[in-house]
Structures are given as structure tokens and as C-alpha cells.
Amino acid sequence: MKRIAHYQYLEYVRVMSLMRQYQAASARPLRVLDFGCGLGKFLNVFASLGMEVTGVDANPAYVAGAREKGFQAYEPEAFFATTQDPFDVVFLSHLIEHVTPDALVALVPRLCAQLARNGRMIMLSPTPGERFYHDFSHIRPYLPQSIRHAFGATGMPISYGEAGLLEMVDIHFFKDPYRTRLWRSFYVNRGIKGAFTRQYNRLLDVLWRASGGRIGKTASWLGVYELRARS
């Protein structure tokens, strides 16, 4: 994957690192469910790591494309109607922000039921900010605290979701380069001001790259969850 000045590059690097680590610790190919697989970027890379991958997406064209590449792929309700062996990893990349709270509270327990006893659920989602609201299909942001409130164990009265279902075992945050999105010259990119703005934003890209993605504005998070032990 080409390195670009974008937080999703950092996400990709971290996901690949985690998945290589999980596969190395397993004596067999991991079974991975990519729920919301889209065009299949992660289907391809997980398969390249020797994993057994299944994709699910609400877009029939994406499902058909995944099948043409040889993957097992389903639309959501067709998937839940099948009998599957448990998955070692359920992967949700930039899915939950497209789902209403009611729908998410219904979905997560169904996905947890697909997990092996020692399996992991990985969620990737953007944080609130300028870039989040650029996408009209984003319904609302969810933060780690949101998932903990709905599905974790907070020690407080829970009014939403299935408390005690998931336990976070790892978390990472990713930054996007700073941008001058509130400058007029960022949009009306002409003349001396426009040229200065372009160069200034290129400098911000350089700082982001040189810092390994540490200089910038937090744009997304990755949480790793396990099923919480029940007494």
C-alpha cells in the first residue's frame, strides 16, 4: 500500500502488524470475518497472510466482486442465516459510524455469537472532527467510551445495550496531518494566497511523515475486544 499523508495509512500498518502477530501465535490459519468488507481491501491482505477470510457487505455489487475473487461473501441477513464455524477475528473497519445506535446494539451481540471462545473483535472508527462530517453517510461518531457504555462493564447503571459483553484488551489512536480547512484559500485556491496555502499544507504533510504520524490531529481509533468472561 502506497504511503499517503492520511490516517488510514497508519490504520493499515497497525492492522497488518496485529494480524501478523495473531497469525504467528496460531497453529492453524485464522478464520476472519470482515463485516462491512467494501471493495475487499482487507479481504485480499488477510488472505495473503494465509487466513481463511469471509466477507459480508450490504452492497450486492461488493459481495459479487468478492465472490469473483474466490472469497466466501454474503449480504448481512444471508450470512446470519448460514451456519458458520466460529471466527477467530471479527473485523469492523469504518462500519459502526454508518450505523444507528439501535442498529449497532442489535448487531454487536449477533457478531459476538460468531466469535470463537478466545476470539477477538477489532473495531476501527473515526473520531469526531472536520473529516468525519465530510462523509454524508456517517450517522454519528462512536468513541471507545461509547462501546464501553453499551457493551462493557463501567460499574455504573447501564441504560443502553448488553452490559458486560465485551472487554477492551488493546487500543490505538491515529492522527491525520493538520490542514487549513478553515482558511478561505484552502477552497478558493488561487493567486499568492492559494500558492502559500498549498505549500503550507505540504509542509504539514512533511511534519506528519517525519514524525511517523505523531504530529497531527487525532482522526480515528482502533479497539481490540474479547468476549468478557461470564461467571
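The values are calculated or read from the model by the stated rules, or taken from the named source; none is laboratory data. Everything quoted here is computed from the prediction, not taken from an experiment. Counting neighbours? That spans all protein chains shown, and the Cβs are built from the backbone with ideal geometry, glycine included. Calculation scope for accessible area: heavy atoms of the full protein, side chains included, ligands and nucleic acids excluded. Shrake-Rupley method; radii C 1.70, N 1.55, O 1.52, S 1.80 Å.
Some points to look at:
- Karplus-derived 3J(HN,Hα), 6.51/-1.76/1.60, for each residue of the stretch 56-68, Hz, glycine and proline x: 9, 7, 6, 8, x, 5, 5, 5, 4, x, 5, 5, 4
- Local electrostatic count at E130 - Lys and Arg +1, Asp and Glu -1, tallied over other residues with Cβ under 10 Å: +3
- Note: relative contact order over the stretch 11-127, using C-alpha pairs below 8 Å and six or more positions apart, is 23 percent.
- Average Cα contact separation per residue, the chain, under 8 Å, 6 or more apart, as relative contact order %: 19 percent
- Pair-distance distribution of the stretch 38-157: all C-alpha pairs, bin width 10 Å, starting at 0; shares per bin in whole percent are 11, 39, 37, 12, 1.
- Calculated on alpha-carbon atoms, Rg and Dmax of the stretch 8-92 in Å: 12.5, 35
- Diffusion constant of the chain at 10 °C, which comes from Stokes-Einstein with the Kirkwood Cα-pair radius and 1.306 mPa s, µm²/s: 83 µm²/s
- Helix-derived mean residue ellipticity, 222 nm - over the chain, DSSP H n ≥ 4, -39500 (n - 2.57), to 500: -11000 deg cm²/dmol
- Under 5 Å from the amide H of L115 lie the amide H atoms of F87, each residue being 5 or more positions distant or on a separate chain, with H modelled from the backbone and absent for Pro and chain starts.
- Integer Hz, Karplus 6.51/-1.76/1.60 couplings in order for the stretch 69-80, x for Gly and Pro: 7, x, 8, 6, 8, 9, 7, x, 5, 5, 5, 5
- The Cα center of the stretch 197-213 and the Cα center of the stretch 101-147 differ in position by 30 Å.
- Sites F173 and K69, calculated FRET efficiency, Cβ-Cβ separation with R0 30 Å, nearest 0.05: 0.40
- Karplus-derived HN-Hα couplings along the stretch 199-211 (A = 6.51, B = -1.76, C = 1.60, θ = phi - 60°), whole Hz, x at Gly and Pro: 5, 5, 5, 5, 5, 4, 4, 4, 4, 4, 5, 5, 8
- Too-long pairs where the Cα-Cα distance tops 28 Å, listed order kept, from K41/K217; K41/K193; K69/K175: K41/K193; K69/K175
- Residues V63, V169, V105, ordered by accessible area of protein heavy atoms at a 1.4 angstrom probe radius and largest first, appear as V169, V105, V63.
- A Förster distance of 45 Å, applied to the separation of the beta-carbon atoms of A27 and R184, puts the FRET efficiency at 0.15.
- Helix axis angle, 101-112 relative to the chain longest principal axis, alpha carbon, degrees: 50 degrees
- Between V13 and L203, the FRET efficiency estimated from the beta carbon spacing at R0 = 25 angstrom works out to 0.65.
- Sequence-distant residues sharing a close amide H with H94 (under 5 Å, placed H): L124, S125
- DSSP beta bridges confined to the chain are antiparallel in about 50 percent of cases.
- In this structure the amide hydrogen of S220, modeled in the peptide plane, comes within under 5 Å of the amide hydrogens of T127, F174, none closer than 5 places in sequence on its chain.
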